[in-house]
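Have a look at the structure below, then the notes.
The values are calculated or read from the model by the stated rules, or taken from the named source; none is laboratory data. Bear in mind that the values here come from a model prediction, so they are computed numbers and not experimental data. Cβ coordinates were reconstructed from backbone atoms using ideal geometry, including for glycine residues, and neighbour counts include every protein chain displayed. Ligands, DNA and RNA are excluded from the accessible area calculation, which covers all protein heavy atoms including side chains. Shrake-Rupley method; radii C 1.70, N 1.55, O 1.52, S 1.80 Å.
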There are 2 protein chains.
Amino acid sequence: MELRLIEAKFPTFSNNVCSITKFHSSFISVHSYPKSYSNKVMCSRAPESTTDSKGNSSTLLLQRPFMSRFTGLNGALSSLFFTETRTLDYFDDEYGGVIINSDKLPTNPNDFASLLQSSLSHWKIKGKKGIWLKLPSERAELVPVAVKGGFQYHHAEQGYVMLTYWIPEGPCMLPANASHQVGVGGFVINEKNEVLVVQEKYCAPPFVGFWKIPTGFIHESEEIFTGAVREVKEETGIDTEFTEVIAFRHAQNMAFEKSDLFFICILKPLSTGIKVDDHEIEAAKWMPLVEFVEQPWIQDDSMFKKVTDIFIAKMGKKYCGLHAHHLISKFDDRSSTLYYNVVKTEHDSSNCKGSY
Amino acid sequence: MELRLIEAKFPTFSNNVCSITKFHSSFISVHSYPKSYSNKVMCSRAPESTTDSKGNSSTLLLQRPFMSRFTGLNGALSSLFFTETRTLDYFDDEYGGVIINSDKLPTNPNDFASLLQSSLSHWKIKGKKGIWLKLPSERAELVPVAVKGGFQYHHAEQGYVMLTYWIPEGPCMLPANASHQVGVGGFVINEKNEVLVVQEKYCAPPFVGFWKIPTGFIHESEEIFTGAVREVKEETGIDTEFTEVIAFRHAQNMAFEKSDLFFICILKPLSTGIKVDDHEIEAAKWMPLVEFVEQPWIQDDSMFKKVTDIFIAKMGKKYCGLHAHHLISKFDDRSSTLYYNVVKTEHDSSNCKGSY
């Protein structure tokens with residue numbers, strides 16, 4: 001239940017604009033917005049709404065308190081004070097916002113348009129803030145209706161687009177979309193002091209023919225250390241064991257205007273026989289470390305030279321990277337990985353523990 | 001020009017599924033897909049297409065080579081071999097794909113539907129792979145048409161939705177959307193051994209009343225070290241200087257099913273007077289280190305305890321974090337930041353350089 005509470009909240013409190021969020025609600029990264037919008041445990045049903053068989057909700061508006069005062073009056077007069085407003089089916093979120101129920105959207109776009117407007121009016125009266133509308137691909141006909149109704153795209157994934165509407169005046173405080181891609185590169189060196197290198201089949205012209213370490217993006221929901229091991233295995237067939245992250249690069253405005261974090265890892269080989277992935281790798285081999293380092297494209301480039309220097313320092317036990325440790329915080333009951341260096345003891349002022 | 005070439009390419013070569021990409025084309029993170037789809041330097045105009053005043057392109061199909069062989073035949077017969085196919089205006093990308101020109105979409109959705117189908121037929125014949133369609137909000141009426149035509153959502157940002165169509169049989173090889181949010185937390189300690197702490201105004205119930213370090217998400221296109229300094233300034237009014245990253249946490253399946261990377265930074269205070277951000281911070285103060293560490297919510301939690309231990313080790317010069325270094329790779333002419341530890345020299349086996 002504690003986990004649900006933490007995950008159930010939407011952030012709407014900040015002085016930032018819509019593309020910027022700041023709601024790390026704890027010491028380290030305990031988020032306060034929902035894991036999934038289709039997961040109904042994250043939010044409570046609007047207590048005052050009821051749903052008919054067509055999926056529309058009826059909401060008794062502010063006039064309800066007057067009802068008893070006008071008992072016995074004719075219908076016309078009564079309706080002035082007791083108005084039933086039809087809204088889309090929705091859930092309240094815990095940050096004063098609303099999540100429209102994607103499972104109960106009207107079948108007719110005109111009905112949707114009409115209900116969307118009356119719903120927005122209702123939510124404005126109720127002082128709601130951020131409105132979330134997730135439209136699955138099969139309801140794409142409602143996208144232009146929502147946009148016409150003032151909704152903005154928030155993010156999309158294969159299968160759905162998420163739109164939002166910010167009711168209060170002032171900047172939108174809803175959380176931003178994901179901002180980074182995460183890549184990994186794996187230095188694998190064997191007992192003969194040979195580095196595992198590949199030539200990519202399809203790469204940008206400046207890199208054609210270069211012998212480089214295996215690299216790639218980590219999968220969604222994949223650990224950095226798992227991604228590095230997987231990439232090496234996929235490209236070369238070599239089994240490895242993750243040792244540590246020795247450095248990472250942060251670059252801006254890469255694909256789709258997003259940023260990029262690239263983690264350079266040290267991996268320990270567990271096998272020797274190379275099997276190249278024909279789809280993307282032209283060739284792979286074990287290359288003597290000296291030969292690898294002396295490649296002009298490394299020696300002539302400040303970035304690649306520095307990374308190689310760090311790798312050599314690591315080999316010479318003159319460098320400490322960050323090791324991966326599984327930890328669970330009791331506050332969100334989430335198993336995550338904390339990467340950190342070796343904390344030296346009184347009697348340990350020399351080198352890193354673990355790894356090579 | 002070199003930069004353009006590197007950025008101009010779409011990756012379509014991989015044995016992964018659509019949500020997975022692997023096209024780090026170099027040693028470290030030189031991407032091979034475009035920075036922006038609206039940036040036309042990234043791709044070349046399809047050489048065989050011409051555009052009329054309505055923004056539609058005419059493309060001479062495969063039959064063109066037969067033209068001279070049937071000169072003099074009647075129109076009906078000639079049309080069997082010389083067919084003019086109208087397509088949407090588009091650009092080729094360098095990975096065998098196509099980018100539909102968002103600036104020249106037909107005004108009428110029915111025309112768009114018809115042209116989209118004939119275009120897809122044309123691109124299939126030409127052996128094209130990934131098709132990219134960016135629809136700005138003001139053309140939202142075309143979204144259902146594209147989805148009906150087989151396009152899938154790829155990603156969306158405020159102002160547009162990007163859809164894709166993968167022509168070849170087999171898994172889609174187009175690059176995935178951004179996968180991570182990036183947060184920062186700043187340890188700031190003054191000369192009196194006091195830590196800068198805040199109480200958040202709006203946080204999940206388990207954290208109410210906790211004194212914690214300032215945290216937040218980094219902005220799009222913001223450096224980690226800049227984001228940490230900004231967050232501390234915004235929440236407390238204290239000016240700081242970034243020293244190093246001492247650890248980072250990687251957590252899966254956070255907001256919108258995306259992952260989260262949280263970097264714990266050490267910052268050096270440059271001012272002392274606290275000015276609380278009323279929008280999101282309840283209170284801020286300088287708290288004696290011992291008092292901060294002894295808080296039950298830190299002592300009782302493995303994650304927060306470990307991070308605090310690392311911080312204390314750092315204060316005691318028994319820990320080395322990663323420092324930020326600007327580096328430019330000549331291969332992409334891009335200024336990025338490489339975070340790495342101190343490389344020890346022959347005569348330096350003791351502690352970290354720089355920082356505290």
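So what J values fall out for the range A:98-112 if you push phi through Karplus, 6.51 cos²θ - 1.76 cosθ + 1.60 with θ = phi - 60°, rounded to Hz, Gly and Pro as x?
So the Karplus estimates, Gly and Pro as x, are 9, 10, 6, 6, 5, 7, 10, 7, x, 6, 9, x, 5, 4, 4 Hz.
Let me know the mean shielding of A:306-317 by other chains, meaning the per-residue number of their Cβ atoms within 10 Å of its Cβ.
So the per-residue partner count for this stretch is 3.
Which whole-number percentage describes the relative contact order of the range B:169-263, with Cα contacts under 8 Å and a sequence gap of 6 or more?
Once normalised by length, the contact order is 31 percent.
Considering only protein heavy atoms, what is the solvent-accessible area of B:S259 at a probe of 1.4 Å, reported in Å² to the nearest 10?
About 0 Å², rounded to the nearest 10.
Treating the beta-carbon of each Lys and Arg as +1 and of each Asp and Glu as -1, no other charges, what is the dipole magnitude of the range A:199-331 about its Cα centre, to the nearest 20 debye?
Dipole size: approximately 580 debye.
As an exercise, use a Förster radius of 41 Å and the Cβ-Cβ distance of A:L270 and A:V290 to find the FRET efficiency, rounded to the nearest 0.05.
0.95
Among bridges DSSP assigns within the range A:147-285, what percent are antiparallel (round to 5)?
75 percent
Using label points projected 7 Å from each Cα along Cα→Cβ, tell me how many nm separate B:S118 and A:D309, to one decimal.
Taking the simple label geometry, B:S118 and A:D309 are separated by 6.0 nm.
If we count every other residue with Cβ under 9 angstrom of A:Q181's Cβ, Lys/Arg +1 and Asp/Glu -1, where does the sum land?
Counting the neighbours of A:Q181, the net charge comes to 0.
As a test question: what accessible area, to the nearest 10 Å², does B:R230 have when a 1.4 Å probe is rolled over all protein chains in place?
40 Å²
Determine the alpha carbon to alpha carbon distance for each of A:K212/B:K258; A:K129/A:K330; A:K306/B:K330; A:K305/B:K330; A:K104/A:K134; A:K275/A:K314 and list only those over 19 Å.
In this structure, A:K212/B:K258; A:K129/A:K330; A:K275/A:K314 exceed 19 Å between Cα atoms.
Using a 1.4 angstrom probe with every protein chain in place, what is the largest-first accessible-area order of A:D301, A:D111?
A:D111, A:D301
Which of A:H219, A:Y160, A:Y202 sits closest to the plus end of the dipole of the range A:99-235, meaning its Cα is farthest towards the positive end, when Lys and Arg get +1 and Asp and Glu get -1 on the C-beta?
Result: A:Y160.
Quick one: compute the contact order of the range B:189-236, relative version, from alpha carbon pairs under 8 angstrom and 6+ residues apart, as a percent.
After rounding, I find 30 percent.
How much FRET efficiency would the formula 1/(1 + (r/R0)^6) give for A:E138 and B:N193, where r is the Cβ-Cβ distance and R0 is 60 Å, rounded to 0.05?
Plugging the Cβ-Cβ distance into 1/(1 + (r/R0)^6) gives 0.50.
Can you return the aspartates and glutamates within cross-link range of A:K318? Criterion is Cα-Cα under 18 Å, with same-chain partners fewer than 8 residues away left out.
In chain and number order, the partners are A:E244, A:D309, A:D348, B:E346, B:D348.
Leaving ligands, DNA and RNA out of it, rank B:K268, B:K275 by accessible area with a 1.4 Å probe, largest first.
Sorted descending by solvent-accessible area, the residues read B:K275, B:K268.
B plus A alone minus the pair: what accessible area, both sides summed, probe 1.4 Å, in Å² to 100?
12800 Å²
What distance in nm lies between label points placed 7 Å from Cα along the C-beta direction at B:K126 and A:S302?
4.1 nm
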